Amino acid sequence: MKSAKKEIKSSKYKMIFFDMDGTLVDVSHYEEKSNKIGVGMWHVIFDNLGILDKHRQLKRKFEAGEFTSSIEWTNEACKILKINNLTEEKFSKIINDQPFIRGAGETILELKKLGYKTAIITGSFSALAKRLQKEFGVDEVIAHCDFKFNRDGKLKNWKLLPCCGHEDKVGVFLQMVKRHRVIPSECVYVGDDVNDISVFQKVGLSIAFNCNKKEVKDVVDIVVEGKDLRLILKRISDSAKKLSSH
């Protein structure tokens, strides 16, 4: 847990931010022990194409500093997926079949009912973030990778937004809070892995959920054990009540 107490600049929370892979989307059948890389849908896509070994090779190169940025790494990953014939049909099936974390939909709907704005920032795929947005009414989603397919259904090109690495993610977060006219201390962030740490350090309330990395747990306000996202609701409510009483 964090030892340094955040400066309180607001009497209540207004916006709840979520990471996606591992927080809203269940990718628990994969494990990633690296303190530089989070487990996510990139693992799932490569695995479904039968080329998970190529993903591991890219990971080793990233950890060794052979890429200058997270975007350079994921751009190389996209090239490999294109070479290995990722089709629109295959990609859509993976996205639509991917299970959500238990209680994800109920949690987002309850937060919206309580008047909170909701948002997702993810280093994953826009198609999956938009699926969550459509199904549960998330106010805004920002995702790293957006695939474009040609008329034959083959991967043609891609657009990569800077919200994948540590500093990229916090930069996007700060842009979003400004756009929604809130300040960081009025925000809650729920995440599970190392690329969430930079945002955890900016918000009014940071929650590690479904997390197995000590370096992540050590920097947050609250660690929620268990894999039902509804467990965060009481923690947010209790913290908000405590904040209002000050």
**Members of Lys90/Lys217; Lys90/Lys213; Lys113/Lys234; Lys112/Lys169 lying beyond 25 Å, as alpha-carbon distances in this model show** = Lys90/Lys217; Lys90/Lys213
**Prompt:** What percent do you get for the relative contact order of the chain when only Cα pairs under 8 Å and 6+ apart count?
**Reply:** 27
**Prompt:** Angle, helix 231-245 long axis vs. longest principal axis of the chain, Cα atoms, 0 to 90°, nearest 10?
**Reply:** 40
**Prompt:** Once the other residues with Cβ under 9 Å from the Cβ of Leu155 are scored (Lys, Arg +1; Asp, Glu -1), what is the net sum?
**Reply:** +3
**Asked** In the stretch 15-245, if every C-alpha pair distance is counted and binned at 5 Å from zero, what percent goes to each bin?
**Response** 1, 6, 15, 20, 21, 16, 11, 6, 3, 1, 0, 0
**Item:** Set Lys54/Lys156; Lys12/Lys227; Lys59/Lys154 screened for pairs whose C-alpha atoms are more than 22 Å apart
**Value:** Lys12/Lys227; Lys59/Lys154
**Complete:** Once amide hydrogens are built 1.01 Å from N within the peptide plane, the residues lying 5 or more places from Val25 or on another chain with amide H under 5 Å from its amide H are Ile101
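Each value in this text was obtained by applying a stated rule to the coordinates, not by laboratory testing. These numbers come from a predicted model, not from an experiment. No Cβ is skipped: glycine too gets one built from the backbone with ideal geometry, and neighbour counts run over all protein chains shown.
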